[in-house]
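Asker: I'd like to ask some things about the structure below.
Values quoted throughout were computed directly from the atomic coordinates according to the rules given, and no laboratory measurement underlies them. Owing to the predicted nature of the structure, the values given are computational and were not obtained by experimental measurement. Reconstructed Cβ throughout: ideal geometry from the backbone, glycine too, with neighbour counts over all protein chains shown.
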Amino acid sequence: MKHGRLAVCAAAVLLLLWYLPADSQQLDEGSIESLRTRDLDVLIENIETEQDAVRVVLDAGHGGADLGARSAKSILEKNVTLKLARLIEKILSEDERVEIINIRSEDTSIPVIDRIGHANSGRGNIYIGIHTDGGASPRSHPWKIYINHGKNQDKENVTGAEWENLNNRFSENNEELARIIAAQLVEIDPDRGVDIVKSDVLSLGGLAMPAVIVELIDFSNPDDEMLLEKEELAPALAEAVSTAIIKYIEANSAAVNQEWQGE
Ligand SMILES: [Zn+2]
């Protein structure tokens, strides 16, 4: 689909989603009215800010008919991302400072724009998109962490109509979160390396919170496939990502809780 048309459709759907409060987080009339102004700052000021826990959004990539990448032995990305999300959720749910927002908990196909809407309307504080690499050449690729490209930084008054810029204010947080995750992943395999990649992936720009997409496990790499089958790799990766999230929260606990206040 052409990018322009996609952006217009996406913006329309996202605005609609934004007007609909998340099931568990009903907004009062004043908050809903403020959403109609399409002004993010007003939204931030009026939205309920009191929260006990840091909301971590886990978004397992693909699902349902959207299989994602496929390994030589037909391991499917959609299943591995769901497994990783469940493992991370299990680890993090033991920490009372964390509340999990799970975008996909079953084998269902969810449009990207719905994922963004769910993360934003649930007022997530940290977004972790989970994918695997499906590179064509059979070698060990570095793991990758994608963050928003951070263009249009000069646009201060971001409005709902420019939803794809909602992540701009979090560019420093994105980089810090990515660095902390990378440091944990490197400990699993120091030789492999981790690339932090600035990306114009549609979803990253629309996320109103610090956000990364981690691309873990390389389906083109027979070693990764073997470790996956032995049930070694996924738990180690989930542990690394979970540890990194906690480290990020501990380094930013006050700031993380104030993000929706626009500070
Ligand atoms: Zn993917």
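Asker: Sort 176, 94, 229 so the one with the fewest other Cβ atoms within 10 Å of its own Cβ comes first.
Answerer: 94, 229, 176
Asker: While we're looking at this one, here's another question. Can you list residues from other chains, or at least 5 along the same chain, whose modelled amide H is less than 5 Å from the amide H of residue 57?
Answerer: Excluding prolines and chain starts, which carry no amide H, the hits are 101, 125, 126, 127, 128.
Asker: Find the centroid of the Cα atoms in segment 46-121 and in segment 161-224, then give the distance between the two in whole Å.
Answerer: If you average the Cα positions of each part, the centres end up 15 Å apart.
Asker: Report, in listed order, any pair from 198/230; 73/247; 83/144 with a Cα-Cα distance greater than 27 Å.
Answerer: Listed pairs above 27 Å: 198/230; 73/247.
Asker: Cβ under 9 Å from residue 184's Cβ, residue 184 left aside: what net charge do those residues give with Lys, Arg +1 and Asp, Glu -1? Don't skip to the end; give the middle numbers.
Answerer: Working: positive: 247; negative: 187, 239.
Around residue 184, the charge tally is -1.
Asker: Given a Förster distance of 35 angstrom, what is the FRET efficiency for residue 231 paired with residue 253, based on the Cβ-Cβ distance and rounded to 0.05?
Answerer: Given R0 = 35 Å and the Cβ-Cβ separation, E is 0.60.
Asker: Could I ask something else about it? For each of 82, 207, count neighbouring Cβ atoms within 10 Å of the residue's Cβ, then give the residues from fewest to most. Spell out each step's value before the answer.
Answerer: Numbers: 82 23, 207 27.
Sorted ascending by nearby Cβ count, the order is 82, 207.
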